[in-house]
1. How large is the accessible surface of A:TYR112 in square angstrom, using a 1.4 angstrom probe and rounding to the nearest 10?
2. Can you run phi through the Karplus equation (6.51, -1.76, 1.60; θ = phi - 60°) for the range A:97-113 and list ³J(HN,Hα) in whole Hz, with x for Gly and Pro?
3. Nearest 10 degrees, 0 to 90: what angle lies between the long axis of helix B:66-79 and the longest principal axis of chain B (Cα atoms)?
4. Hey, what's the Cα Rg ratio for the range A:1-130 versus the globular rule of thumb, 2.2 N^0.38 Å?
5. Convert each backbone phi in the range B:81-92 into a coupling constant with the Karplus relation 6.51 cos²θ - 1.76 cosθ + 1.60 (shift: θ = phi - 60°), then list the ³J(HN,Hα) values in order as whole Hz, x for Gly and Pro.
6. Tell me the total accessible area that B and A bury against each other, 1.4 angstrom probe, in square angstrom rounded to 100.
7. Could you size up the charge dipole of the protein assembly as shown around its Cα centre, putting +1 on the beta carbon of Lys and Arg and -1 on that of Asp and Glu, and report it in debye to the nearest 20?
8. Could you compute the FRET efficiency for B:CYS5 and B:LYS88, with r as their C-beta to C-beta distance and R0 at 25 Å, rounded to 0.05?
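The values are calculated or read from the model by the stated rules, or taken from the named source; none is laboratory data. Since this is a predicted model, take the numbers as computed values, not measurements. Note: ideal-geometry Cβ built from the backbone for every residue, glycine included; neighbour counts use all protein chains shown. We work out accessible area using only protein heavy atoms, side chains counted, and drop any ligands, DNA or RNA first. Shrake-Rupley method; radii C 1.70, N 1.55, O 1.52, S 1.80 Å.
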Amino acid sequence: MTDTSANIEDIRNDALSEINNIGAGNAATAMSAFLGQPIRQSIPKVFRVPLSDMANALGGAEKVVVAGLIEMSSDVSGFLVVIQDISQADRIVEIVTGAAPANTDKLSISRYSDFEVSLLSETVNIICGSYITAISTFTGLKIGASIPYLCVDMIGSVVSATAAEIGKTGDFALIFESELYNADERVSGKLILIPDQESCNSIMASIGVI
Amino acid sequence: MMKTCHSVDIAMMKIARPPDQLCSLGLGSCVGVAIYDPIAKIGGLIHILLPSIKELGPGHSRTKFADSGIADLVDEMIKAGSSKSRLKAKMAGGATMFALSSNSPIASIGKRNVESCRETLASLGIELVAQDTGGNSGRTIYFDVETGNLRIKTVEKPEKII
């Protein structure tokens, strides 16, 4: 790698870290309002992982998680995926409704009632919306968002559908790790940003990297 | 003798002989295609991500795609001592994980992967003897090279062998 490309890589990482900082900050504020209690964020980390390591980087291919997905459109196209542990999603349900989820013996979407599904979808909306605002503010690009889609299954299988999208363009995914905590526990997990190559270029161009 | 299970991750392919097994954990829209030669006792597994290399052109890893990947796996198996005429295939995966609107590219990726695997196997003259594809659940598969059995696990449904 030449000096120039190393610099570009540095600037790129700084820009991504900054987007992550702003996004996680927005998410913490919005989740505080939603859950009615103070939420703080851990120091956010951002890393790029090869496609084949993505499931491992997120806790192992067979681990069952609650995954939320939002499709981005307009100037940036691609996906945002929020990965939460079952225990974290259960906890969010408990904080909001005051009771455990409908069917704690199930490890599929039927674990949650319709109301609980929409409540968890709303957290996906909040977290993704926070990041979309961050990317949009930072880059000046216009980003549209779909409604959230929720799925409970093995991590490998939930990321593979979106991995297919990255597979078309590059061989890496961006993982923003920004954990949100209330007084004593973690309430939210990892976010995977999967822009297509063209969108990556637009983001980088708008922050002056290319 | 201990059975070693070799994990075949996204866009990878591997070949094994008994008593070793091959497995792919957490297949969603991806498809695991298992090919075996019951006489030479050679088995191969590939973890397909996308339908066709033709949509993207060169510069991509061939084992990511159904068309180029399955062809390469068959070549490797012949090099390893299999006879093409004896090869049989089984496949699993190709689920739809998120109920997205139908115009989204990832809504139909599982289905398109399965379709391309089926076409590629047919064009290579390899018989597809069993499959467990589609649906809305992720799958973990274990391929027993000795017997040609493909054991399929999902989170909530009972295990099955095809």
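1. 10 Å²
2. 9, x, 9, 5, x, 4, 10, 6, 7, 8, 10, 9, 4, 6, 4, 10, 6
3. With both axes taken from Cα atoms, the answer is about 10 degrees.
4. Working: Rg = 17.2 Å, N = 130, 2.2 N^0.38 = 14.0 Å.
That ratio works out to 1.23.
5. After applying 6.51 cos²θ - 1.76 cosθ + 1.60, I find x, 7, 9, 4, 5, 8, 5, 10, 10, 9, 8, 8 Hz.
6. By this definition, chains B and A bury close to 2500 Å².
7. The dipole magnitude comes to about 1040 debye.
8. Step by step, r from the Cβ atoms, then E = 0.75.
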